[in-house]
Amino acid sequence: MIRTTMEFFVRFADGDERWVTWNKDLFDTVQYEQFCRAHPPLMPLIYTMSQAKARIREIKASPITDVTPGTKIYLDLRSRGGATWYNDLRLPHSEKLIYVLTCVYTQWVGRQRKKIRLRCDLTDEDIDVDNFFVLTYGRTTVFNPDTMVHIDRALCAAHPKIMPH
């Protein structure tokens, strides 16, 4: 919501691939909107700031229906803070691959089911998340080895910045 710049890895019709800083020409393409709609964390980028904020408030206030306690998910490492630290990791092929942490929803927080506790054994942490988090980051229940890299202790040892404190 406060990002002032953003870059996208773009493949052009002629096969050229490069990072492109967000601009109006990019925003006006059908491919940009399709990409943002296909990646929930980017959905707010197709709305005005006030529209995005209103939609996020509405989602946060709604009950969680997509997951239940016991659901295992693969959480994109990029959801753990800003993009700057993630880009600095220099993980192999990070422009094409998603690095994921295995997590499990463990219990409801409150009676209205508007929050659910998320457990990550690798980082030894519990996080209470709302429906916006679930819809944006926490619905990937199938591990796809073609597009995902599982983060384990060996990968963390090779890249100590993966788990920032």
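The values are calculated or read from the model by the stated rules, or taken from the named source; none is laboratory data. Here the structure is a predicted model, which means the values were calculated and not measured. Note: ideal-geometry Cβ built from the backbone for every residue, glycine included; neighbour counts use all protein chains shown.
Residue-wise test of (1) under 18 Å from Y137 (Cβ atoms); (2) among the acidic types (D, E).
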| position | (1), (2) |
| --- | --- |
| A13 | no, no |
| D16 | no, yes |
| W19 | no, no |
| N23 | no, no |
| F27 | no, no |
| Q34 | no, no |
| L42 | yes, no |
| M49 | no, no |
**Request:** Hand me the list of strands (runs of 3 or more DSSP E) wholly inside the range 87-165 holding 1 or more residues that are out of contact with any Phe, Trp or Tyr (no Cβ under 8 Å at 6 or more places or on another chain).
**Result:** 98-109, 115-120, 125-130
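Among helices (runs of 4 or more DSSP H) lying entirely in the range 19-69, which contain 1 or more residues that are modelled with pLDDT of 90 or more and touching an Asp or Glu at 6+ places or on another chain (Cβ under 7 Å)?
Filter on the range 19-69 gives 49-60.
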**Prompt:** without any contact (Cβ under 8 Å) to a residue 24 or more places away in the chain and touching a helix residue (DSSP H, G or I) at 6+ places or on another chain (Cβ under 9 Å), is that true of S94?
**Reply:** yes
**Request:** Please list, ordered by first then second residue, the pairs with beta carbon atoms under 7 Å, 6 or more apart or interchain, first in the range 20-35 and outside the structural domain of E95 (by TED's automatic domain parsing) and closer than 13 Å to E7 by Cβ, second of a type in the set (F, W, Y) and not in a strand (DSSP E or B).
**Result:** L26/Y32
**Fill in**
When the range 104-145 is checked residue by residue, the ones that are closer than 15 Å to D66 by Cβ and of a type in the set (A, V, I, L, M) are V104, I116, L118, V129, V134, L135, V142
**Number of the condition not met by I98 [criteria: (1) out of contact with any strand residue (DSSP E or B) (no Cβ under 6 Å at 6 or more places or on another chain); (2) under 27 Å from T68 (Cβ atoms)]** = (1)
**Request:** Count, please, the residues in the range 125-165 that happen to be polar (S, T, N, Q), in contact (Cβ under 8 Å) with a residue 12 or more places away in the chain and over 20 Å from N87 (Cβ atoms).
**Result:** 3
**Asked** G81: out of contact with any Asp or Glu (no Cβ under 8 Å at 6 or more places or on another chain), at pLDDT 95 or above and in a loop (DSSP other than H, G, I, E, B), yes or no?
**Response** no
